[in-house]
Amino acid sequence: MSVLAFREIRAKDEAPVFDARFRAEFEALLRWRRDVRRFRRDPVPAELVERALDLACLAPSVGNSQPWRFVSVESEAARDALRANFRRANAAALALQDESRRALYARLKLAGLEEAPVQLAVFCDETTAQGHGLGQASMPETRRYSAVQAIQLLWLALRSEGVGLGWVSILEPEAVARDLAVPEGWRFVAHLCIGWPEAETAVPELERAGWQARTGAGRELVRR
């Protein structure tokens, strides 16, 4: 079923009631959403990915512009280019690390580019006419924020099916756009590795590796 058809049916229904059980399960979904880097190589059914993409497209967007664009990276040539890109960017990032943390950084597994059976590059179409520019004149970056909203919904939709997602950000954006030959007005936002996780855990991998524990940073409510 398309997103538009779903919306039409939903609009005719009464508003749903989200009970205590649903809220508890929703909290569990959030707590068990992980940035996965270690994948099994088993294929992920195409219809499962399509269903998750439909849900991702229900994300809010500035001016209802829906500027997210998904590119399925399938060919070995395209994947080889991304892996080479990652190696360059990761070497540069390693060199920037403080000497006391460089060895730890080098041991981290920071991408599932070799194993993930499904890989999606996400772009923001910054030239789209949809939305007629509403809400974008003073803050054009809200288009990219909208694309991130779609990524987050995709992440949760996949997790609800038991599928893991890993966001690879250690990449040279211009090289990704060039290698994937996307339209000029598309700006790279994220490369997503998708597949069945090797193991399930509610603890972030970076925390388990000793890189950084989750803290209350950002939770304080500043009042003015």
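Rule-based calculations on the coordinates, nothing more; no lab input. In this text the structure is predicted, and so the values were computed from the model without any measurement. Quick reminder, even Gly has a Cβ in these numbers, built from the backbone with ideal geometry, and neighbours come from all protein chains shown.
A simple packing score, the average count of other Cβ atoms within 10 Å per residue, orders the peptides 165-171, 49-55 as 165-171, 49-55, with the highest score first.
Which of these values of Cα extents along the principal axes in Å was calculated from the structure shown: [x] 58, 50, 45; [y] 43, 40, 36; [z] 64, 37, 35? Among [x] 58, 50, 45; [y] 43, 40, 36; [z] 64, 37, 35, the one derived from this structure is [x]. The distance from the alpha carbon centre of the range 154-224 to that of the range 63-78 is 15 Å, rounded to a whole number.
In the range 34-201, what % of DSSP beta bridges are antiparallel (nearest 5)? Given both bridge residues lie in the range 34-201, the antiparallel proportion sits at roughly 95 percent.
Counting only whole DSSP H helices of the chain, the ones at least 20 Å long by C-alpha along their axis and with mean Kyte-Doolittle hydropathy no lower than -0.5 are 76-96, 142-159.
Between the beta carbons of Arg51 and Arg88, assuming R0 = 35 Å, the FRET efficiency works out to 0.50 to the nearest 0.05.
Relative to the Cα centre, what is the charge dipole magnitude of the chain, using +1 at the beta carbon of each Lys and Arg, -1 at the beta carbon of each Asp and Glu, and rounding to the nearest 20 debye? Before the final figure, lay out each step's value.
Details: 32 positive and 31 negative charges, 151 e Å.
Computed charge dipole of the chain: roughly 720 debye.
Scoring 23-35, 189-201, 138-150 by mean Cβ neighbours within 10 Å over their residues and listing the highest first yields 189-201, 138-150, 23-35.
The slack between Leu58 and Thr215, meaning 0.36 nm per residue of separation minus the straight C-alpha distance, is 53.5 nm. For the peptides 120-133, 211-224, the ranking by packing is 120-133, 211-224, with the highest mean count of neighbouring Cβ atoms within 10 Å listed first.
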